[in-house]
1. With θ set to phi - 60° and the Karplus curve 6.51 cos²θ - 1.76 cosθ + 1.60, what are the ³J(HN,Hα) couplings of region 149-163 in order, to the nearest whole Hz, using x for Gly and Pro?
2. Kindly provide the trypsin sites (Lys or Arg not before Pro) of region 111-163 that DSSP labels as loop, not H, G, I, E or B, and whose Cβ sees at most 15 other Cβ atoms within 10 Å.
3. Can you tell me how much longer the chain between Asn96 and Asp115 gets when fully stretched, taken as 0.36 nm per residue apart minus their C-alpha distance, in nm with one decimal?
4. What are the residues whose amide H is under 5 Å from the amide H of Tyr36, where those residues sit 5 or more places off or on another chain and H is modelled from the backbone?
5. For region 94-106, what does the Karplus curve 6.51 cos²θ - 1.76 cosθ + 1.60, with θ = phi - 60°, yield as ³J(HN,Hα) per residue in whole Hz, taken in order and with x for Gly and Pro?
6. State the extension gain, in nm to one decimal, for the chain segment bounded by Arg184 and Phe208, taking 0.36 nm per residue of separation less the distance between their alpha-carbons.
Amino acid sequence: MNTPVYLSGLTPAARLSGRKMLFDCDRVWFLTWTLYGRWLPGDPRGFVGTVRERRPGDRNGPRERHNQLQTEYDRAMPGLRRSARQSMTEPPARLNSALASVLRTQFAETAEVRDWRLFAGAIMADHVHLLVGVCGDPDPSMLMRDFKSYGSRALNRLHRRRWWTQSGSTRKKSDRRAVLAAARYTRDQRDALEVRLDGEIALALAKFDS
């Protein structure tokens, strides 16, 4: 499917600073979360969740969340997946083209109100990727919370239900190359319903791809 890519306006420098910044931002976060019931903990495709570390001779190791830069996602835990499915209170959620268009508009509005830069976004039927630049060092879980919260409000005007899983993945992109790689990954998502790119990122990607 050839998904149209929506470009935002070229953004001038957000502010002048002597510090090294990434596209006029102090931090860039790659946010990923899923539609309710579509990507359960224990999924063989990989997931981010709080799982118990298994160590030799220790059946009850500490619980850890594998959500750090350059670490692997957890995978394939059938018992955990079965338990998660049994605890669901609604059928799985799914986006269509019309709902994805609503979200694209809302995500852009949320970023503008919060003075964040939405470098790239891809909305699929069962999950969302957003690449977001910020000034300062706000907690990335707060970024995700706001995008999900305002996205739910917009969707609930059309159909009220539970839309998102409880948490998601927040991964920091620490240099220009990592930001562009994440933007390219987002842009090239298979079966995306909506894709949005910041204009400056789109120009940088044209050079990065060549």
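1. 5, 6, x, 4, 4, 5, 5, 5, 5, 9, 7, 7, 5, 8, 9
2. Passing both the DSSP loop test and the Cβ count: Arg157, Arg160, Arg161.
3. 4.0 nm
4. So Tyr36 has HN proximity to Ala93, Trp164, Thr165.
5. 8, 9, 10, 4, 5, 5, 5, 5, 4, 5, 4, 5, 5
6. 7.7 nm
Read-outs: derived from the displayed coordinates by stated rules, not from any lab. Source: prediction; values computed, not measured. Backbone-built Cβ (ideal geometry, glycine too); neighbour counts: all protein chains shown.
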